[in-house]
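Asks: Input: one structure, supplied below.
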Amino acid sequence: MKTGTSYFAVRIPRHVAADMDLLVRDGFSYVCHTFSENDMAFYHPTMKEILRITRDKGLETYLDPWGVGKVFGGEAFSNFVGSNLDALQILSDGKPAGLACPMHPKFRAFMKQWIESAAELQPDVLFWDEPHFSVGTWVGDRKGQWGCRCDICKAHFHERFGFDMPNERTPEVHAYLEWAIHDFLSYVIAEGAKCGMRNALCLLPHEDGTHGAVDNWSNFGAIKGLDIIGTDPYFDLFGTGLDQVEQYSKRVQQAADEHGIESEVWFQGFKIASGREPLQAQAVDIAAAAGISRLAVWGFEACDHLGWIRPDNPQLLWRTFLDKFAELQSAAAR
Ligand SMILES: [Zn+2]
């Protein structure tokens, strides 16, 4: 069993080093560093230093294409989107949206650059976080609209189904979008593996295309070059319950077992109201009982520094995760 956390926003190596020491002290096995387009353009040498520091402390390292093209999860803005107006997703209202189309060759070429830039930092793992087409509920998206209906997607759809792509999100549209995300992931994961890195995938924990989620997890677990399959059932954020953690932990573990790869579940270390911290400890127990081999929290110190999702009591929430992880690790060692 390994435990991990994400880490972002700090780009001053001596501060990062001090924080990595804390993570080592608290028994963490790995750290997911975000590597946004801003990092890629302006902090590449600094990130190289940060990765080296993390590695030297004995921690396994992930790199996350945080908000890259806005196709992946994460707060970071995308310069690709502002600079490539011909490679954006077109929504069902016929207008472009502020995110790249994963089927556009220009965006794929950019992802190859991102992967090569990431490889220079020598991470162990590339973390493909929440890849998605446009959904009307995310920051900056247009409510009620879906994508992508660009010419490339329309042509792919016609080729697969033999008729024009409808304007409604029909079962065929849903099937197309899932196929297209799979095709895109197969591309980036193959490129990552070619550059000598392992690959982890985090799928959104929903049904029927809600928030852009996919259905056939086994099919995603089968992607050549994938080493870790995971999900992030943030039941508190989604207003669901611990059932969601159990259901999706089992689904992840099943896909991992089927394809002989590792499993991972992320826990909500942010935006938790006072008094609800113990539910997160229960979520960790549920995932561990399902056999999940990597337990991770988003993010460092329960996102105390990320104001818009700061929990009511960051110290208590972080301590809740630390205690639960320590308890599970000592139980596993016995
Ligand atoms: Zn498209």
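A short reminder: the numbers here are calculations on the coordinates, not readings from a lab. Computed from a prediction, not measured in an experiment: that's the story for all the values here. Backbone-built Cβ (ideal geometry, glycine too); neighbour counts: all protein chains shown.
Asks: Build a GNM of the chain with springs between Cα atoms under 10 Å: which of Gly225, Gly192, Gly241 gets the top mean-square fluctuation?
Replies: With Cα springs under 10 Å in the chain, the top fluctuation among Gly225, Gly192, Gly241 is at Gly241.
Asks: How far apart, in nm, are the 7 Å Cα→Cβ label points at Ser218 and Ala273?
Replies: 4.0
Asks: Right, next: Based on DSSP, what percent of beta bridges with both residues in the chain are antiparallel, to the nearest 5? If you can, show how the numbers build up before the last one.
Replies: Values: 4 of 37 bridges.
Counting only bridges with both partners in the chain, antiparallel ones make up about 10 percent.
Asks: Among His132, His33, His182, determine the one that fluctuates most according to a GNM of the chain built with springs between C-alpha atoms less than 10 Å apart.
Replies: Maximum among the listed residues: His182.
Asks: What is the distance in Å between the Cα centroid of segment 29-78 and that of segment 221-281?
Replies: For segment 29-78 versus segment 221-281, the Cα centre distance is 22 Å.
Asks: Still on this structure, I have one more. Averaging the inverse of every distinct alpha carbon separation and then flipping it gives the Kirkwood radius. What is it for segment 10-146, in angstrom units?
Replies: 15.9
Asks: Still on this structure, please answer the following. What net charge is computed for the residues neighbouring Gln122, neighbours being all others with C-beta under 14 Å from the C-beta of Gln122, Lys and Arg scored +1, Asp and Glu -1?
Replies: -2
Asks: Taking θ = phi - 60°, what integer Hz values does the Karplus form 6.51 cos²θ - 1.76 cosθ + 1.60 yield along segment 256-262, in sequence order, with x for Gly and Pro?
Replies: So the Karplus estimates, Gly and Pro as x, are 5, 4, 4, 10, x, 10, 7 Hz.
Asks: Under a GNM of the chain (C-alpha, springs under 10 Å), which listed residue has the highest mean-square fluctuation: Cys195, Cys32, Cys148?
Replies: Cys195
Asks: Got a sec? Charge dipole of the chain, +1 on Cβ for Lys and Arg, -1 for Asp and Glu; which of Tyr62, Phe238, Ala288 is way out at the positive end?
Replies: Tyr62
Asks: Give me the extension gain from Lys194 to Glu172: residue separation times 0.36 nm, minus the current Cα-Cα distance, reported in nm with one decimal.
Replies: So the chain would gain 4.6 nm between Lys194 and Glu172.
Asks: Going by amide H atoms built from the backbone, whose H comes under 5 Å of the H on Asn199, apart from near neighbours?
Replies: Leu126, Asp227, Ile228
Asks: Each residue of segment 215-229 in order: what ³J(HN,Hα) in whole Hz does its phi give by Karplus 6.51 cos²θ - 1.76 cosθ + 1.60, θ = phi - 60°, with x for Gly and Pro?
Replies: 9, 8, 5, 4, 5, 6, x, 7, 4, 5, x, 7, 10, 9, 10
Asks: Hey, what do the phi angles of segment 189-194 turn into as Karplus ³J(HN,Hα) couplings, whole Hz, using 6.51/-1.76/1.60 and θ = phi - 60°, x for Gly and Pro?
Replies: 5, 4, 5, x, 5, 4
Asks: Does anything in segment 38-56 have its amide N under 20 Å from the 7 Å Cα→Cβ label point of Ile309, and if so which residues?
Replies: Zone members listed by number: 38-40.
Asks: What distance in nm separates the simple spin-label points at Ile12 and Asp285, each placed 7 Å from Cα in the Cβ direction?
Replies: 4.1
Asks: Let me ask another. Treating only the Cα positions of segment 176-315 as identical point scatterers, give the base-10 log of I(q)/I(0) from the Debye formula at each q in 0.09 Å⁻¹.
Replies: Log10 of I(q)/I(0), two decimals: -0.29.
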